[in-house]
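A quick write-up on the structure given underneath.
Each reported figure results from applying straightforward, stated rules to the coordinates on display, with no laboratory input. As the structure is a prediction and not an experimental result, all values here were calculated from the model. A quick note on method: Cβ atoms are made from the backbone with ideal geometry, for glycine too, and the neighbour counts reach across all protein chains shown.
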């Protein structure tokens with residue numbers, strides 16, 4: 001069964017993804033479930049809304065310099081932002097974005113996926129993203145336990 005995750009993403013990067021200007025979502029930590037096929041985008045502060053989704057074409061995991069060489073033409077960010085974000089990390093991750101879709105109306109987190117607080121980085125949700133558009137304006141999604149409930153992992157809203 002394919003899985004869906006909700007990612008907290010800074011609004012400027014979320015917009016670039018939805019506008020097709022950023023084809024990779026960079027992460028210091030990555031979900032371990034290889035069946036993740038869809039990402040629901042939660043635009044973090046000051047937007048604080050679920051605004052869209054994209055399909056996961058794959059995940060690249062490698063050193064910072066190798067990842068930059070592989071992604072830089074479609075990264076949607078500068079080398080400075082990229083290198084500061086990954087500073088000190090031996091293994092860096094890039095989620096390959098496919099088929100980004102903006103939802104017609106941004107939704108509050110509780111309405112969209114049943115969470116009262118956004119995840120530090122990501123959480124699994126029990127839905128296929130497009131279900132958010134159905135059920136008479138109410139979401140059929142409900143979240144499952146976050147992969148990283150520990151505060152040992154640094155908050156990451158992506159780059």
Ordering of 53-61, 78-86 by burial proxy (mean other Cβ atoms within 10 Å per residue, highest first): 53-61, 78-86
Diffusion constant of the range 3-133 at 10 °C, which comes from Stokes-Einstein with the Kirkwood Cα-pair radius and 1.306 mPa s, µm²/s: 107 µm²/s
Label point at residue 96 placed 7 Å out along Cα→Cβ; residues across the range 37-61 whose backbone nitrogen lies under 16 Å: 37-39, 54-61
FRET efficiency for residue 19 and residue 48, using Cβ-Cβ distance with R0 set to 22 Å, rounded to 0.05: 0.65
Potential extension, residue 57-residue 116 segment - 0.36 nm per residue separation minus Cα distance: 18.3 nm
